[in-house]
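The values are calculated or read from the model by the stated rules, or taken from the named source; none is laboratory data. None of these values were measured; they are calculated from a predicted model. Because the Cβ atoms are built from the backbone with ideal geometry, glycine has one as well, and the counts that use them run over all protein chains shown. Quick note on the areas: whole protein, heavy atoms, side chains included, nothing else; ligands and nucleic acids left out. Shrake-Rupley method; radii C 1.70, N 1.55, O 1.52, S 1.80 Å.
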Amino acid sequence: MPIFRILSRVDAYVDYTCEVEADSAEEAVDLVYEGHVKVAWENHGVTEFDAVRMSAIDEDWNDIDDYTRGKA
C-alpha cells in the first residue's frame, strides 16, 4: 500500500508590533507602512483561524491530482 505525505495548512496571522512617534494614529500607520521611519518589530506570536486545507503532496510540495479538502 502506498504512503502519502499530507499537508495541513491553517490560515493564520503572525503578529508583530512596533512603536512610532507621530501626531495621529493615521500618520503613525502611514509612516511605518511607507517605510519612512525605521522601527524595531516585536513578535507577538501566531493567531490561527478555522480555515484548514489538506492535500496530498509530492516531493516538490505540489498537490497530487489537484485534490484538496477544506477551506482555502
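Remarks
- Selection from region 12-30 of residues that are over 23 Å from VAL46 (Cα atoms) and not hydroxyl-bearing (Ser, Thr, Tyr): GLU21, ALA22, ASP23, ALA25, GLU26, GLU27, ALA28, ASP30
- Selection from region 13-25 of residues that are of a type in the set (D, E, K, R) and open to solvent by less than 100 Å² (accessible area, probe 1.4 Å): ASP15
- For region 1-12, the candidate set comprises residues that are outside any loop (DSSP other than H, G, I, E, B) and not charged (D, E, K, R); within that set, the residue that is surrounded by the most Cβ atoms within 10 Å (Cβ to Cβ) is VAL10.
- Within region 26-72, tally of residues that are among the polar types (S, T, N, Q) and not in a strand (DSSP E or B): 1
- Within region 1-41, the set of residues being within 30 Å of ASP66 (Cα to Cα) and either touching a Ser or Thr at 6+ places or on another chain (Cβ under 9 Å) or not aliphatic (A, V, I, L, M) (or both) comprises PRO2, PHE4, ARG5, ILE6, LEU7, SER8, ARG9, ASP11, ALA12, TYR13, VAL14.
- Total residues in region 26-47 satisfying the condition of being of a type outside the set (Ser, Thr, Tyr) and open to solvent by less than 80 Å² (accessible area, probe 1.4 Å): the figure is 9.
- Checking each residue of region 3-17 against the condition of being modelled with pLDDT under 90, touching a strand residue (DSSP E or B) at 6+ places or on another chain (Cβ under 6 Å) and on the phi > 0 side of the Ramachandran plot gives no match.
- Taken over region 48-72, the criterion of being of a type in the set (Ser, Thr, Tyr) and either under 9 Å from ASP11 (Cβ atoms) or surrounded by fewer than 10 Cβ atoms within 10 Å (Cβ to Cβ) (or both) is satisfied by TYR67 alone.
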